[in-house]
Amino acid sequence: MKHSRILILAVLAAVVSCQGRKTTTVGSTPETEQRIERLLSRMTLAEKIGQMNQLSGGGDVANYAEAIRNGQVGSILNEVDPQKVNEFQRISVEESRLGIPLLIARDVIHGFHTVFPIPLGLAATFDPDLVEQGARMAALEATAQGVRWTFSPMLDIARDPRWGRIAEGSGEDTYLDARMAEAMVYGYQGRQPDTTSMAACIKHFVGYGAAEGGRDYNSTFLTERQLRNVYLPPFQAAVEAGAMTLMTSFNDNDGVPSTGNTFVVKDILRGEWGFDGLVVTDWNSMGEMIVHGFGTDRKDVARKALEAGVDMDMMTYGFLSHLEELVKTGAVKEAAIDDAVRNILRVKFVLGLFEHPYVDAGKAAAVQYAPDHLAAAQRSAEESAILLKNDGVLPLKADAVRSILVTGPMADAPHDQLGTWAFDGEKSHTVTPLKALQERFPGKVTYVPGLRYSREKRDSFQDVVAAARRADVVLVFLGEEAILSGEAHALADLNMKGSQSELLAALKAAGKPVVATVMAGRPLTIERDLPNCNAMLYAFHPGTMGGPALTNLLFGDVNPSGKTPITFLRTVGQAPLYYSHNMTGRPYNGETLLDDIGMEAGQTSLGNTSYYLDYGAYPLFPFGYGLSYTQFAYSGITLDKAVYGPEDEIRVSLTLANTGDCDGTEVVQVYIRDLVGSITRPVKELKAFQRVTLKAGESRNLTLTVPVSDLAFYGLDGVKKVESGDFQLWVAGDSASGDPVSFQVE
Ligand code: GLC
């Protein structure tokens, strides 16, 4: 009953919006729509189906020439040689019957040749403008080589750091994820389409990051309400930002694989949101529906994917092999194929591919690694690093340091520093911390690796310890190689691998200041390592310019401002643990832990709250956390009203003071809790944030705003609305700090 009511509302909304809408969600125009109809009317069924087929390139053009010439290919992924792209396009445009250009795609996930920090690191900047700038530069580099479609941004909310693809997304929070999604869509596609526009692909639709156990590709069991309140909003924000394409995910949610999930693709994405861009499967995710046990054979799953609203098939060849027969037998209507082809042609027209199918191969090289791209990558790496601990040893004083020991498996790892999904990053261009420090401090740097890679085991570190004793300061770079995060790379143990913790302990015992920098694709469990260093900087995988960025941070040229986009656990056994959890009926409040329990403890239950006897239920570091070399004080937090109407805007004012002795940037965060609802609500949710840079001693009066409509959620009746009642609001530098102020919504 509920679904049908939503569906009726959705269809009505879609009809109204279609009639009223001047352009489509992907920026088409009435003229473009007419061009689509004219071209479609000339296409044979086979040519229509050919547009729905994507092939992986990378081989000789000759291998694909006949299929392209016969109109059997709509898109090619994994070809980035501009000459070969032009040859592919020439065959399609000049030798096929209708001359429809190809859509050339690539996973440009966090930079093309100039590699930016992994998306989890970019999220730690809380700087959408900078992230948009980086995505724009990635588009400039990739489109110069003929790539006009990227399979990015990944919007999967992830709350279990065992999941390797946590590296590729924006972490645990819906609001931050949505802001990053918008930034990347605008960056890739440009604010106005032109030949440097690269179609964004929002993925993986939907719920993929909630894989049970954090094991990639595993099933998810998200309710419709959880989907609508937590996992879908970033996708909707990206659609509203004009995202041209979307990719369905591998996982089955509540028993339905996304590539055949009519409810989320056709009813919500198409029906409710009016998305008329291109929906592509993930790599063979159509074929995997057979493995899931959701279809009997390729013909069956091809039909199910088409019925769900999928337009293009990545590497199953299900559409190419079976759609014609399915139409001829009446199992599928050609009108459904027409709709899919309209979506594909719409993206190709909006991108201007019919007018400009070719690239100027001679100009491609000049765009790569442009100085401003490298500068933006460095700034992104600087802003993405999170200062987790500092006993005062940082910032180091360059003129006071005579000898520096650089050690650790990530000190000079030019490939791994780039992180996962950096296909086109070239390690020859990576500036590692070792190289940057040697350049800045010629003759002062001693390098003793200690460990050749993160998983190496050693019994002793005499060489490194001896070198440490001779140095003024030890800079140790730890973490994990790129291969240990990303797709299919879940970890059950999040402690630092190999003998890294032992290396750190040995360095600490040497008696000199030890500064640890961690490069990883996820939040590792580092509680046991913190006592063995005077300071810790968490850099995720910082990309091409990680070395200069980290050098600037360690020596105070740049003050760290990164904030945790994901909760840092004390131990992997706490997963999943995230700040915007529900209250439960027995919230943990820090009581009894294992060490407090006497030997003769009886059978009476302990604590009576939701926690672990051995680790409690508080994280090591909460969401939104990060230190600075200076200190910030929040005062005078006031609301402009005590009672708000549903159409109002909440205006929260405060004074932020930099009470330390150096300039710095704080990420001011606004969290709100709905105390009582028709369903239980999270203990708090991020609703606004702002980066504020203050000089030492400076104070500034700030006002941040939150539309009351942003407090809306899908309640017990399945309808999205703001429920009146009592609320609390925090303004702080992380999700665990600050005292709430109260307000009401009438
Ligand atoms: C992969 C990933 C997806 C990627 C696609 C093409 O399996 O799941 O994110 O875009 O295949 O490389």
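Checked against (1) surrounded by fewer than 24 Cβ atoms within 10 Å (Cβ to Cβ); (2) assigned to a strand (DSSP E or B), Lys512 passes all but condition (2). Here Gly59 fits the description: part of a loop (DSSP other than H, G, I, E, B), within 16 Å of the ligand (Cβ to nearest atom) and surrounded by fewer than 23 Cβ atoms within 10 Å (Cβ to Cβ). All conditions but one from (1) modelled with pLDDT of 95 or more; (2) out of contact with any strand residue (DSSP E or B) (no Cβ under 9 Å at 6 or more places or on another chain); (3) part of a loop (DSSP other than H, G, I, E, B) apply to Glu87; the one that does not is (3). Of all residues in the stretch 311-360, those satisfying the criterion of being touching a residue at least 24 places away in the same chain (Cβ under 8 Å) and at positive phi are Met315, Tyr317, Gly352. Does Gly171 count as away from the ligand (no atom under 15 Å from the Cβ) and surrounded by 24 or more Cβ atoms within 10 Å (Cβ to Cβ)? Yes: the conditions hold for Gly171. Specify the residue that is nearest to Ile386 (Cα to Cα); the eligible residues are those in the stretch 107-123 that are assigned to a helix (DSSP H, G or I) and within 16 Å of the ligand (Cβ to nearest atom). Result: Leu120. For the stretch 513-535, the criterion of being touching a residue at least 40 places away in the same chain (Cβ under 8 Å) and basic (Lys, Arg) is met by at least one residue.
Regarding the stretch 476-499, can at least one residue be identified that is surrounded by 15 or more Cβ atoms within 10 Å (Cβ to Cβ), more than 22 Å from the chain's Cα centre (by Cα), assigned by TED's automatic domain parsing to the domain that holds Asp412 and part of a helix (DSSP H, G or I)? No, the stretch 476-499 contains no residue that is surrounded by 15 or more Cβ atoms within 10 Å (Cβ to Cβ), more than 22 Å from the chain's Cα centre (by Cα), assigned by TED's automatic domain parsing to the domain that holds Asp412 and part of a helix (DSSP H, G or I).
From the list Asp424, Asp412, the one residue that fits, being touching a strand residue (DSSP E or B) at 6+ places or on another chain (Cβ under 9 Å), closer than 30 Å to Gln192 by Cα and not assigned by TED's automatic domain parsing to the domain that holds Met198, is Asp424. Among the residues of the stretch 207-222, those identified as more than 13 Å from the ligand (Cβ to nearest atom) and charged (D, E, K, R) are Glu212, Arg215.
Of Gly543, Gly562, Gly590, all but one fail to be surrounded by fewer than 17 Cβ atoms within 10 Å (Cβ to Cβ) and part of a loop (DSSP other than H, G, I, E, B); the exception is Gly590.
For the stretch 30-39, does any single residue satisfy the condition of being modelled with pLDDT of 95 or more and not in a helix (DSSP H, G or I)? No, because not a single residue in the stretch 30-39 is modelled with pLDDT of 95 or more and not in a helix (DSSP H, G or I). Residues considered: Glu502, Glu439, Glu456. Of these, the only one that is part of a loop (DSSP other than H, G, I, E, B) and either outside the structural domain of Arg165 (by TED's automatic domain parsing) or more than 16 Å from the ligand (Cβ to nearest atom) (or both) is Glu456. Residues in the stretch 124-155 that are touching a Pro at 6+ places or on another chain (Cβ under 6 Å) and away from the ligand (no atom under 16 Å from the Cβ): Ala124, Gln145, Gly146. The listed residues are Lys435, Lys389, and the only one of them that is surrounded by 16 or more Cβ atoms within 10 Å (Cβ to Cβ) and either farther than 14 Å from Ala516 by Cα or free of Cβ contacts under 8 Å to residues at least 40 places away in the same chain (or both) turns out to be Lys435. Scanning the stretch 518-577 for residues that are hydroxyl-bearing (Ser, Thr, Tyr) and closer than 26 Å to Pro414 by Cα turns up Thr525, Tyr538, Thr544, Thr551, Ser561, Thr564.
Taking the stretch 245-258 as the range and being among the hydrophobic types (A, V, I, L, M, F, W, C) and within 15 Å of the ligand (Cβ to nearest atom) as the test, the residues that pass are Leu246, Met247, Phe250. Ser580 satisfies every condition listed in (1) out of contact with any strand residue (DSSP E or B) (no Cβ under 7 Å at 6 or more places or on another chain); (2) surrounded by 12 or more Cβ atoms within 10 Å (Cβ to Cβ); (3) of a type in the set (Ser, Thr, Tyr) except (1).
Can you give me the number of residues within the stretch 329-344 that are of a type outside the set (D, E, K, R), over 16 Å from Ala105 (Cβ atoms) and either touching a strand residue (DSSP E or B) at 6+ places or on another chain (Cβ under 9 Å) or part of a loop (DSSP other than H, G, I, E, B) (or both)?
Count: 5.
Out of all the residues in the stretch 228-244, is one or more in a helix (DSSP H, G or I), aromatic (Phe, Trp, Tyr) and within 16 Å of the ligand (Cβ to nearest atom)? Taking every residue of the stretch 228-244 in turn, at least one turns out to be in a helix (DSSP H, G or I), aromatic (Phe, Trp, Tyr) and within 16 Å of the ligand (Cβ to nearest atom). Listed by first and then second residue, the pairs linking a residue in the stretch 268-291 that is in contact (Cβ under 8 Å) with a residue 40 or more places away in the chain to a residue that is away from the ligand (no atom under 16 Å from the Cβ) and of a type in the set (Ser, Thr, Tyr), with Cβ atoms under 7 Å apart and 6 or more places separating them unless they lie on different chains, are Gly274/Ser17; Gly274/Thr25; Phe275/Thr25; Asp276/Thr24; Asp276/Thr25; Gly277/Thr25.
The set of residues from the stretch 182-206 being polar (S, T, N, Q) and either within 16 Å of the ligand (Cβ to nearest atom) or touching a strand residue (DSSP E or B) at 6+ places or on another chain (Cβ under 9 Å) (or both) comprises just one member, Gln189. Just the residues that are crowded, with 18+ Cβ neighbours inside 10 Å, outside any helix (DSSP H, G or I) and more than 16 Å from the ligand (Cβ to nearest atom), please, taken from the stretch 278-310. Phe294, Gly295, Gly309, listed by residue number.
The values are calculated or read from the model by the stated rules, or taken from the named source; none is laboratory data. Computed from a predicted structure; not experimentally measured. Don't worry about glycine lacking a Cβ; one is built from the backbone with ideal geometry, like all the others, and counts go over all protein chains shown.
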